[in-house]
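Structure record follows, encoded as structure tokens.
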Protein chains: 2
Amino acid sequence: MSAGPVVVLAGGVGAARFLRGLVRVIPREDLVVIGNTGDDLWWQGLYIAPDLDTVTYWLAGVADESRGWGLKGDSFTAQNALAGLTSAAWFQLGDRDLATHLYRTGRLNAGAPLHQVTAELAERLGARSRVLPMSDDPVETRLKTDAGDLHFQEYFVRERFRPSVREIYWTGIEAARPAPGIAEAMSAARAILIAPSNPAISIGPILRVPGMRALVSAARARTVAISPLIQGRAVKGPTVELMRAEGIRPDALGVAQLYREIAAGFVLDAADASLASAIAAMGYRVAVRPTLLDDLAAAREVAAAALDLLRQPAAA
Amino acid sequence: MSAGPVVVLAGGVGAARFLRGLVRVIPREDLVVIGNTGDDLWWQGLYIAPDLDTVTYWLAGVADESRGWGLKGDSFTAQNALAGLTSAAWFQLGDRDLATHLYRTGRLNAGAPLHQVTAELAERLGARSRVLPMSDDPVETRLKTDAGDLHFQEYFVRERFRPSVREIYWTGIEAARPAPGIAEAMSAARAILIAPSNPAISIGPILRVPGMRALVSAARARTVAISPLIQGRAVKGPTVELMRAEGIRPDALGVAQLYREIAAGFVLDAADASLASAIAAMGYRVAVRPTLLDDLAAAREVAAAALDLLRQPAAA
């Protein structure tokens, strides 16, 4: 492999767990994360980027890893006071987490583009890797559900993903462009990894940014995807339902079909080993590993396996 | 006196100390505060209204009265984290105080006018009096100083009022209108009191809102001003320097001259008793009292004296 960066397309906590392992097998400084911003929201005046923050906090070692969001040891004084003022305080923010959003919003309102502010936060919080938003342009993941037309966070946090989802769509996506730095990172990359994130609402919006799919396709021989599903189930959350809403078969085979034109390697869980030959038949190099990434050793192993696939001779 | 409300034109902490006494001599429910919004600022994405909050917090009994701003017992976790991210974190906000700004900003961004949000906060925080902004329209108090052209808060908080002030001006003032409810409250008022606040940058912007001075003038016979100066000195802060910048003589006589066309009564400090006859000669009914309002008994006494002036027969 060349000496270029390792680029990872990433959602939130699933990607963060994977990245925690990846930075044990490559130098942190070689990592470039491209994060989903479709879940971002303006909330009480603040711009919140849940996936970018999750990735940054985990890489910096300051995440609350058991809860999966926010900062470890954070307090909720402001949140509790807000809950005393309004019943609309459904989005949970810790006090130190708030500082991130205050910083970001202040910089955005002063005219700094999101990719620059994201880089500043990664540097100041100590991530020691590059974190890029998929785009500086506003993109919003919205869901048509039996409880109405909802922003992703309304569905996920406020409604605790109880409503049935009929359709997923994105506002702003046609006008979005990949953030500055993405094209250069991808063309220089020694590997592009698609993190084990929700293909529908985490990786989906990244690949929908006009121009992004072509950038990954051009690097197909250097791209490996990691399945987020084990025996057709997600580790947590509504991944399966959202994949169904997008018409994606909710198992490793469906994920492999989805990425077959942009990835040359595929890592799936040991419990799904029976699907390996069918996935190899799609043209993938395949690795089978335990992919439950709660465990740091497993995350490191999956990351190493993904990179190893790129060292193998091309599939037939 | 009639049964109408008592309307008070108010700045920040000086007014708040006075109001704490006033609500001991009138029912809280009779009070309508018209607060200065020239000091308001957008900061890190949040809309902050320092004078409205100070008045509301003091009336609700939740203010940090010794510090003079913010909420008693508040923590500064978010503020401290923000200071770790940027040196621009000069405006101090407690965690529970942040909830006020998050609430207000969320409501404003949803389209609610400032007077409505201010009323909601007063009600939810337990002020049990009406608090109105001078205007729903944005007005900004700015200072030309030897350290540049500054927002009032930059001068006051960030620069700790060290720069010399050459000129005070207001952006947005020509287009501003008194907030809904002000005209009605003033015409129904049994008394209008001008709190012992800075005449230049607290009461000044209120009276500069087009239409406001005419509303007070029309009620001149029911209006009493309380001097914020004792022997030509302010209790704290840059009142004297800012009055000089506005061309106002910085003593009780200068304040009386400033308000002579809109007020019929004047309360000055016992230490300034020698000025009483000159002020009476301007046409004022005059009361002389100790006006250092740190003391609740003194604040109550001054409030009672102001209202008593309106029970006296008109001056010659």
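The values are calculated or read from the model by the stated rules, or taken from the named source; none is laboratory data. Remember, it's a predicted structure, so these values are computed and weren't measured experimentally. Cβ: placed from backbone, ideal geometry, glycine included. Neighbour counts: every protein chain shown.
Structure above, values below:
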{"quantity": "A:Gly283 being among the small types (Gly, Ala, Ser) and either free of Cβ contacts under 8 Å to residues at least 60 places away in the same chain or under 30 Å from A:Gly148 (Cβ atoms) (or both)", "calculated": "yes"}
{"quantity": "Odd one out for B:Gly111 among (1) closer than 24 Å to B:Ala176 by Cα; (2) in contact with a helix residue (DSSP H, G or I) (Cβ under 8 Å, 6 or more places away or on another chain)", "calculated": "(2)"}
{"quantity": "Qualifying position, being more than 14 Å from chain B (Cβ to nearest Cβ), among the charged types (D, E, K, R) and under 15 Å from the mean Cα position of the chain (by Cα), among A:Arg162, A:Arg208, A:Arg166, A:Arg190", "calculated": "A:Arg208"}
{"quantity": "Test: residue in the range A:146-167 that is of a type in the set (A, V, I, L, M), buried (at least 22 other Cβ atoms within 10 Å of the Cβ) and farther than 30 Å from B:Tyr47 by Cα", "calculated": "no"}
{"quantity": "Elements of type helices (runs of 4 or more DSSP H) in the range B:1-100, at least 2 residues being within 14 Å of another protein chain (Cβ to nearest Cβ)", "calculated": "B:50-60, B:77-85"}
{"quantity": "Selection from the range B:114-141 of residues that are at negative phi and small (Gly, Ala, Ser)", "calculated": "B:Ala119, B:Ala122, B:Ala127, B:Ser129, B:Ser135"}
{"quantity": "Counted residues, the range A:240-254 - those being touching a Phe, Trp or Tyr at 6+ places or on another chain (Cβ under 9 Å) and surrounded by fewer than 18 Cβ atoms within 10 Å (Cβ to Cβ)", "calculated": "1"}
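For every residue, the table says whether it meets (1) surrounded by fewer than 24 Cβ atoms within 10 Å (Cβ to Cβ); (2) in contact (Cβ under 8 Å) with a residue 12 or more places away in the chain.
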| residue | (1), (2) |
| --- | --- |
| B:Ala189 | yes, yes |
| B:Ile192 | no, yes |
| B:Ala218 | yes, yes |
| B:Ser227 | no, yes |
| B:Arg233 | yes, no |
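Residues are listed down the side, and each one gets a yes or a no for (1) of a type in the set (A, V, I, L, M); (2) modelled with pLDDT of 95 or more; (3) closer than 25 Å to A:Val267 by Cβ:
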{"residue": "A:Met1", "(1), (2), (3)": "yes, no, yes"}
{"residue": "A:Arg17", "(1), (2), (3)": "no, yes, yes"}
{"residue": "A:Arg28", "(1), (2), (3)": "no, yes, yes"}
{"residue": "A:Val32", "(1), (2), (3)": "yes, yes, yes"}
{"residue": "A:Trp58", "(1), (2), (3)": "no, yes, yes"}
{"residue": "A:Arg67", "(1), (2), (3)": "no, no, no"}
{"residue": "A:Asp74", "(1), (2), (3)": "no, yes, no"}
{"residue": "A:Gln92", "(1), (2), (3)": "no, no, no"}
